[in-house]
Amino acid sequence: MNALTEFNTVTGEVIPPATGLYAAVAAQMDKSISTARAFPRNLSSVGRTLANYVTADLASAEACLYSLERDSPEGKKIIQGPSARFAEMLAYAYGHLKVDARVVEETKDFIIVRGEAHDLERNVSFSQDVARRISGKGGRRFSSDMIAVTTMAAASIAQRNCILKVVPSFIWAPAFEAARSRVGGDIKTLAERRIKAVGQFSVLGVSAEQIFKKLGVGSVTEITAEHLIHLVGIFQAIRDGESSVEAEFGDARITSRSTGGSPLAAQEDNGTAADLTVGGIDLARDEHAVNETQDPVAQHDSAVQEAPAPEPQRAKPAPKPRPAAPAPVPPAPAAKTIDQRLDDYERECCAARTPGDLKMIAMKWGAGGFLEELSEKQKARFDDVYDAANVALNLQSKSRETQVAKQAYEANKNGAGGDSPRSAIRQPEPQKPAQQPPQAVNDAGAFAPEIEALRPTDPDAVPLWEECVRYLLVGESNADVAKRMTELDRTGRLKPLPETDQLQMRNIAFKVRKTKPL
């Protein structure tokens, strides 16, 4: 026997080594855990990634929550939480999770599904059983297809519960609140979204009156953002098998010859269908409070028909005017490319008047996932634009302060009337940055006026300054100029220049880059 042979410490019998399927599963699990620990997750980015997923569009946000209303000793209680779709996005963003669900027991009336989630990196797992009824109120067992649907719904719920347990709530709670806010929208989108939310229940056979009664409102105009979130959550809970139409709205449903019990088809039978009609209520009319008036031509026709006319002659009804042709819909403007949006960002930065305005512009463009769409080269341009604009604003501020101090000193020295240093601060506002990109070198080989304006005042620094500027001008592209500026910083070539001229050199590099192709 070798040294790796295992014995039973009680009976002394030799324990045979694991072989077959058990050994393969154990080896796969060990490999998964080793891989997860070799590439640990970054918790600081999980929350941001998840928030981007759940708020990518309105449909994704709506699928991330459920809402149930249950009886409690205190009265009706609304229960809201993350849905199975939210848990799936969470598992994808969190990474290194092994999620499973399987049927553990099936009786006459219930089916029990066990879900499990295993965090491979932390080696922590949770499991939970979920039971769902597979028989009706009369005790009759569901059909095979309905049992399969119920089993899938129970598996999704069991997996969701385990994922939300194995991942700490402080990681996914902010993203869930972001999804709720996206569903609620704002005052501009509330009118359209509540009509859509009420209308989607028509495929379930739920009338508008039933919805208004459940929410405790009289019409669609009284539905608030919280009502909207609750209504979307109810629809998602019914779709995921978390609840049912009967549990939420009772047994009464709209019936018609159409599939799904849509009230629109019932009105089609009577010839009264409308685009936004649910359960006999015109939601668009109730939303916008349209006060329709009769057609004056139709009124005239009716009056002519009702008035007694002489038998020999009959009044001919006036011809009805033809409806005017609908105005052509202008085509939607094409979406801007990333480079065009970067150009807009650069123009806003150049127009900033103070460092505070510049920071607000950077925060506005940095939010909303814009930076994640940029490549490495585009991110470098984004940062360079901000740095150059910031340097220019700081230099303008220092120049103004120097000019103010100089004028105040001259005024005090010459004994000028009532001009005090404080009054001397009122200076003309700084000139706006040039809108057109400067030409680095004119036809005669001299520097452009925009660059000449930044020439050092110290004559000893002029030769080195000109050498560095010409070194930047040799760059063939935008990226090449940026690379040359980085090399000047890294090698310390700019250190002999005064501090102000070193900062000005970054501004010069920015102006030169604007004249080069990308």
Any chance residue 149 is in contact (Cβ under 8 Å) with a residue 40 or more places away in the chain and closer than 30 Å to residue 40 by Cα: no
Some residue of segment 88-96 being farther than 14 Å from residue 33 by Cα and touching a strand residue (DSSP E or B) at 6+ places or on another chain (Cβ under 6 Å): yes
Enumeration of residues in segment 212-229 that are assigned to a helix (DSSP H, G or I) and either in contact (Cβ under 8 Å) with a residue 24 or more places away in the chain or touching an Asp or Glu at 6+ places or on another chain (Cβ under 6 Å) (or both): 214, 220, 221, 225, 226, 227, 228, 229
Exclusive hit being modelled with pLDDT under 90, in a helix (DSSP H, G or I), among the charged types (D, E, K, R) and not assigned by TED's automatic domain parsing to the domain that holds residue 91, set 180, 193: 193
Extreme residue, farthest from residue 46 (Cα to Cα), among residues of segment 153-177 that are part of a helix (DSSP H, G or I) and free of Cβ contacts under 8 Å to residues at least 40 places away in the same chain: 177
Any hit, segment 117-132, residues being within 20 Å of residue 233 (Cβ to Cβ), surrounded by 11 or more Cβ atoms within 10 Å (Cβ to Cβ) and of a type in the set (A, V, I, L, M, F, W, C): yes
Which listed residue is surrounded by fewer than 18 Cβ atoms within 10 Å (Cβ to Cβ), charged (D, E, K, R) and closer than 30 Å to residue 216 by Cβ, from 165, 76, 108, 98: 76
Residue that is nearest to residue 377 (Cα to Cα) [pool: residues in segment 468-506 that are β-branched (Val, Ile, Thr) and surrounded by 14 or more Cβ atoms within 10 Å (Cβ to Cβ)]: 481
Verdict on residue 461 being over 21 Å from residue 349 (Cβ atoms) and either at pLDDT below 80 or small (Gly, Ala, Ser) (or both): yes
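Rundown of residues vs (1) surrounded by 15 or more Cβ atoms within 10 Å (Cβ to Cβ); (2) at pLDDT 75 or above; (3) touching a strand residue (DSSP E or B) at 6+ places or on another chain (Cβ under 6 Å), yes/no style:
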site: 327; (1), (2), (3): no, no, no
site: 334; (1), (2), (3): no, no, no
site: 345; (1), (2), (3): yes, yes, no
site: 364; (1), (2), (3): no, no, no
site: 381; (1), (2), (3): yes, yes, no
site: 389; (1), (2), (3): yes, yes, no
site: 408; (1), (2), (3): yes, no, no
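The values are calculated or read from the model by the stated rules, or taken from the named source; none is laboratory data. Because the structure is a prediction, the values reported are computed rather than measured. So basically every Cβ, Gly included, is an ideal-geometry build from the backbone, and we count neighbours across all protein chains shown.
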